[in-house]
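Encoded as C-alpha cells, the structure appears first; notes follow it.
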Amino acid sequence: EGRREEFEKNQKELCKVMDEHPGLIMYHVDYPEGENYSEFTELYNNDASFKAHVDNEKGKAPLGGCVDASETIECRCWGKPNDASKEILAGFGAVYMETAENSFILNPNVDTRASI
C-alpha cells in the first residue's frame, strides 16, 4: 500500500490549488489501490498554462509530498509540448504518446456551468 495516507493528504491540498489555474482543463492525480506509485493526468490550454501551474508556490509543497510518497510516478504526455515544458516533465519521467492527427481538440466554447 505504500504511503497512501500521506499521498492522499497532499493530493487533497494539491487539487485545491488547481482551481486557481484558468488554463488548466483537467487534473487527476491517483495512487492506485495496492500499488506504490502515482498517476498524474493533466490537460492544459497551452505551455504557458502548464508553466503557471508548475510555478505556483502553493502547489509546490503538496506536489512534493505526493512525489515523495510515490516510489514511481506515471506521467504520460500527449501533444507537442515546447522544450521548456519537456525539461520540466523530464523530472517526472515523462513518456510521450503518439496522437493521431485530428484526434484531440480543446473546445474553445466550453461552458463550465453547463448542466448538460
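With contacts taken as Cα pairs under 8 Å and at least 6 residues apart, the chain reaches a relative contact order of 25 percent. Report summary: the helix-based calculation at 222 nm, which adds -39500 (n - 2.57) for every DSSP H run with n ≥ 4 and divides by the residues of the chain, gives -11500 deg cm²/dmol. Per residue, the chain exposes an accessible area of 70 Å² to a 1.4 Å probe, with every protein chain left in place.
Here's the list of lysines a cross-link from Lys58 could span, going by alpha-carbon distance under 24 Å and ignoring same-chain residues fewer than 8 apart: Lys9, Lys12, Lys16, Lys86. For the stretch 105-116, putting each phi into the Karplus relation 6.51 cos²θ - 1.76 cosθ + 1.60 with θ = phi - 60° gives couplings of 9, 10, 6, x, 10, 4, 10, 5, 9, 4, 8, 10 Hz, in residue order, rounded to whole numbers and with x for Gly and Pro. Give me, ordered by chain and number, the residues 5 or more places off Ser38 or on other chains with an amide H under 5 Å from its own placed amide H. Amide H neighbours of Ser38, under 5 Å, 5+ apart: Thr72, Ile73, Glu74.
Note on Trp78 and Ala90: the model spin-label points, each 7 Å out from Cα along the C-beta direction, lie 2.6 nm apart.
The values are calculated or read from the model by the stated rules, or taken from the named source; none is laboratory data. For clarity, every value in this text was computed on a predicted model and none was experimentally measured. Cβ sites come from the backbone with ideal geometry, for glycine too, and all protein chains shown count toward neighbours. Calculation scope for accessible area: heavy atoms of the full protein, side chains included, ligands and nucleic acids excluded. Shrake-Rupley method; radii C 1.70, N 1.55, O 1.52, S 1.80 Å.
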